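The values are calculated or read from the model by the stated rules, or taken from the named source; none is laboratory data. Note that the coordinates shown come from a computational prediction; the quantities given were computed from them, not determined experimentally. Note: ideal-geometry Cβ built from the backbone for every residue, glycine included; neighbour counts use all protein chains shown. Ligands, DNA and RNA are stripped out before the accessible areas are found, and what is left, the full protein with its side chains, is counted by its heavy atoms. Shrake-Rupley method; radii C 1.70, N 1.55, O 1.52, S 1.80 Å.
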Amino acid sequence: MTNTMTENQKQCKFIADRLEQIAEGILYHCPECGEFFNAEDEEYNTICPECGKTLDTDLLESVSMLDFFQDCYNIEYRIDSNGGYKSVELMVACGGPNIYVDTKTASVNLYWWGDSAEWRLNSEAVNTIDDSFEELWQCQQEGK
């Protein structure tokens, strides 16, 4: 087993930080290299930390929760007895480690062999995820 608990916690924290940046509207997608970056500073131009290109922040769009989760491996909706949305669990990595974002527990959870790690999400991130996936759930129900 190559991962230690500290590395597992760092992975959970990294994902939680990204989700919180999305909720704050400060995570952007570089049109040049495709990587996500935090453009928290209110400067006219910013430099992508991945490719080094100077980007006009006025032309950038922030990353949405649905953008971030577009390649997730599984979406498990939790629905009440009336068919109403309650929460969601999203599998963002699998095969070692398995990583889930869970709005019911407000956490990022990692499982790797016998180890596990968790990092809490702030309420703004949880609410933004829930708002996005409740809307997606309702659209799917209307299409049936």
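Points worth noting:
- With the simple spin-label model, which puts each label point 7 Å out from Cα in the Cβ direction, the residue 80 to residue 14 separation comes to 3.8 nm.
- Gain in span if fully extended, residue 111 to residue 72, counting 0.36 nm per residue against the direct Cα distance: 12.4 nm
- Positive minus negative residues near residue 97 (Lys, Arg vs Asp, Glu; Cβ under 11 Å): -2
- Relative contact order %, region 28-109, counting alpha carbon pairs below 8 Å whose residues are six or more apart: 16
- From its DSSP helices (H runs of at least four residues, each -39,500 (n - 2.57)), the chain gives a residue-normalised ellipticity at 222 nm of -10000 deg cm²/dmol.
- Proximal charge balance of residue 121 [Cβ under 12 Å; K/R count +1, D/E count -1]: -2
- GNM flexibility winner over the chain from 93, 16, 106 (Cα, springs under 10 Å): 93
- Two-site label geometry, residue 59 and residue 35: point separation in nm, points 7 Å out along Cα→Cβ: 2.0
- Calculated from backbone phi, Karplus (6.51, -1.76, 1.60) coupling profile of region 82-97 in Hz, x at Gly/Pro: 9, x, x, 5, 10, 6, 9, 10, 10, 8, 9, 8, 8, x, x, x
- Most to least accessible of 62, 132, 81 (protein chains only, probe 1.4 Å): 81, 62, 132
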